[in-house]
Amino acid sequence: MLRMRSEELIQAGMPVTVGADQRVMEVQLLAEGHWINSKQKLDFKRGIKTYPLPQQSVYILTNQEVTKLYQSAEGNADREIDPLVPFAVYSASESTQCRANIDKMFGMHCAILGSTGSGKSGTVAAIIHSVLEHKHEEQTISPQIIIIDPHGEYGSAFKDRAMLYRAYGESTDEESDSIEIKLPYWLMSSDEIASLIIGKTESSATNQNNVVYKALSHARMVAAGIVKPAPSAFGDETIAALDDKEEVQTLEDFDTSNVLAFNRDKPRRFCWDEFENHIRFIQGAKTAGPLHVTKTATDLNKISIPSVLDKLKVLRQDTRLSFMMSNWNSQDEDFNLAQILNQLIGRGVIPEEDEGGTLTKDINIIDISGLPNEIAGPLVAMIARILFQYKVHQNNEEKLKDPLLIVCEEAHRYVPDKGDAQYGAAQEAVKRIAREGRKYGIGLMLVSQRPADVDSTVISQCGTWVVLRLTNSADQQHVSRFLPDGLSGMVGALPILSQQEAIFVGEGAALPSRIKIRDLTSEQLPRSNTIPFAEGWFKERLTEEELSAICERMI
């Protein structure tokens, strides 16, 4: 902070003298350097052991000295492969590259925050492009990066290095070679399925949860060949003869111990028809003398069966969700778990026309644009949980060979700082990665324009922060609570940062710094530019044929 000496005198109620025309600079000490004469190098590290004394001189650094200082602070990591990746320049010395330690930045999670138009998506693209360009002894890097893209903007930025999957429908981009992703519903845990079917918190949520959990356990055990299928109509004599209509009827070679040991949360296939039959013809049934009949409307409403069946019907009929809701039965030849995981973490290999060789596609982009929030939440939860479970079940050698980075763009959409049940499963899945992912080699990059709306537990676990311009005071205050290194004072600079300028702090940064993100070509940038109104309004209006084509994509 810079101020005049006269301001202090005025605040203290003292007269302003002629000698008070002095400038006072207030600095915060964060690190110190020691010159090692034997090695002729500066050893610069965070933390203060020796504080400067009063009356000691203060010197202004030259540009050359600033460059040497930053280079010394970044140092050379004592690793076989250099983890320092240049992605920006320092604002204090624009000739000096700013290098991020990606081992710390990704391994301990990072947050990219900034208001709309501050260059947030461009910063994400700059970091990933910088990683893709990183080499070791002429060997090309092969990162495992999964981008959850809610606006369909990253496909154009990584055409040559990314596999693009869309969640539903046909692509609206004629140049896109996107593939419709297959993420079947049976991958979901019981909580994720309950979140999908029940939706927002309701007074009857507990009853609805119980209905869903019972039907899910039954449907999965039927598919596994442990219990008998539910009837498909009323009037079943076997059910009518039971004292307890919900009593589990095991097949031969199985008994109650197998039922009790069954884990309904594992990604096992099951049939929606069996799920629905259990709700309608077992949970919703009663005995009237020797007959197996439906319960009264009042009894059905008490346990919320009609609302569960209605919501399930709506979901199954929604064409946007065909990638997830298409029914499975035992005769189907559908993806197995390994094939599904390959969509998320597999590498695409395509021929290179010019070189005559092959090109590796290391980034997997999942385009969920157009999906409603109540679907996006459980979908992100499923992806995060499956990837975390995949890492948990690796041995140590496999973990070392296969670190993953999940980029959560617009994180406030599916890990919001609010308690709606529709977000509960996503919050828990991402929270677990934030808390435990470092041990298993799975990192998070949270991207948001509203940090105040992102779950506090998740965002506080981020060890590295790239904060671009933030104009909202609530967001600035929220960021100041979590900034490491006691740097809350830097928040004052956030509203006046220019385009592509950011505060870079935390484990991945050598020093807390103000930086300028590298420039990218138009082909490397995400498609996130604001549509120009003036230019658009001088062009020809859409024709009736173009309007019809758009309507075809809508229905």
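Observations, loosely collected:
- Conditions (1) touching a residue at least 60 places away in the same chain (Cβ under 8 Å); (2) open to solvent by 70 Å² or more (accessible area, probe 1.4 Å); (3) not acidic (Asp, Glu); number of the one not met by residue 539: (1)
- Screening the stretch 525-536 for residues that are within 26 Å of residue 149 (Cα to Cα) and open to solvent by 70 Å² or more (accessible area, probe 1.4 Å) and picking the one that is modelled with the lowest pLDDT gives 529.
- Those residues of the stretch 509-536 which are under 26 Å from residue 91 (Cβ atoms) and free of Cβ contacts under 8 Å to residues at least 40 places away in the same chain, in sequence order: 519, 521, 522, 529
- Test for residue 285: is it over 21 Å from residue 213 (Cα atoms) and of a type in the set (A, V, I, L, M): no
- Taking the stretch 117-132 as the range and being in a helix (DSSP H, G or I) and more than 14 Å from residue 83 (Cβ to Cβ) as the test, the residues that pass are 120, 121, 122, 123, 124, 125, 126, 128, 129, 132.
- Test: residue in the stretch 40-49 that is farther than 22 Å from residue 514 by Cα, more than 45 Å from the chain's Cα centre (by Cα) and open to solvent by 70 Å² or more (accessible area, probe 1.4 Å): no
- Considering the stretch 331-368, the residues that are within 18 Å of residue 407 (Cβ to Cβ), open to solvent by less than 40 Å² (accessible area, probe 1.4 Å) and assigned to a loop (DSSP other than H, G, I, E, B) include one that is modelled with the highest pLDDT, namely 368.
- If the condition is being in contact with a Gly (Cβ under 9 Å, 6 or more places away or on another chain) and part of a helix (DSSP H, G or I), then the stretch 464-493 contributes 476, 480.
- Residue check for residue 58: exposed (fewer than 10 other Cβ atoms within 10 Å of the Cβ), farther than 27 Å from residue 514 by Cα and hydrophobic (A, V, I, L, M, F, W, C): no
- Yes/no for residue 88 being in contact with a Phe, Trp or Tyr (Cβ under 6 Å, 6 or more places away or on another chain), open to solvent by less than 80 Å² (accessible area, probe 1.4 Å), touching a residue at least 40 places away in the same chain (Cβ under 8 Å) and over 30 Å from residue 432 (Cβ atoms): no
- Take the conditions (1) buried (at least 21 other Cβ atoms within 10 Å of the Cβ); (2) touching a strand residue (DSSP E or B) at 6+ places or on another chain (Cβ under 8 Å); (3) in contact (Cβ under 8 Å) with a residue 40 or more places away in the chain; residue 429 misses just one of them, which is (2).
- Answer residue from the stretch 404-422, given it is open to solvent by 20 Å² or more (accessible area, probe 1.4 Å) and assigned to a helix (DSSP H, G or I) and is modelled with the highest pLDDT among those: 412
- Being over 21 Å from residue 190 (Cβ atoms), touching a residue at least 12 places away in the same chain (Cβ under 8 Å) and in a helix (DSSP H, G or I) is a property that does not hold for residue 273.
- Any hit, the stretch 1-14, residues being in a loop (DSSP other than H, G, I, E, B), touching a helix residue (DSSP H, G or I) at 6+ places or on another chain (Cβ under 8 Å) and either open to solvent by 90 Å² or more (accessible area, probe 1.4 Å) or within 30 Å of residue 400 (Cα to Cα) (or both): yes
- Looking at 548, 522, 513, just one residue is open to solvent by less than 30 Å² (accessible area, probe 1.4 Å) and among the hydroxyl-bearing types (Ser, Thr, Tyr), and that residue is 513.
- Selection of first residues in the stretch 248-267 that are of a type in the set (Asp, Glu) and of second residues that are surrounded by 10 or more Cβ atoms within 10 Å (Cβ to Cβ) and part of a helix (DSSP H, G or I), restricted to Cβ pairs under 7 Å at least 6 apart or on distinct chains, gives the following pairs, ordered by first then second residue: 265/190.
- Within the stretch 15-32, the set of residues being part of a strand (DSSP E or B), free of Cβ contacts under 8 Å to residues at least 40 places away in the same chain and not basic (Lys, Arg) comprises 24, 25, 32.
- Output for the stretch 285-313, where each listed residue is open to solvent by 60 Å² or more (accessible area, probe 1.4 Å), under 19 Å from residue 274 (Cα atoms) and modelled with pLDDT under 90: 286, 294
The values are calculated or read from the model by the stated rules, or taken from the named source; none is laboratory data. Bear in mind that the values here come from a model prediction, so they are computed numbers and not experimental data. Note that we place each Cβ from the backbone using ideal geometry, even for glycine, and neighbour counts take in every protein chain shown. Only protein heavy atoms, including side chains, enter the accessible area calculation; ligands, DNA and RNA are left aside. Shrake-Rupley method; radii C 1.70, N 1.55, O 1.52, S 1.80 Å.
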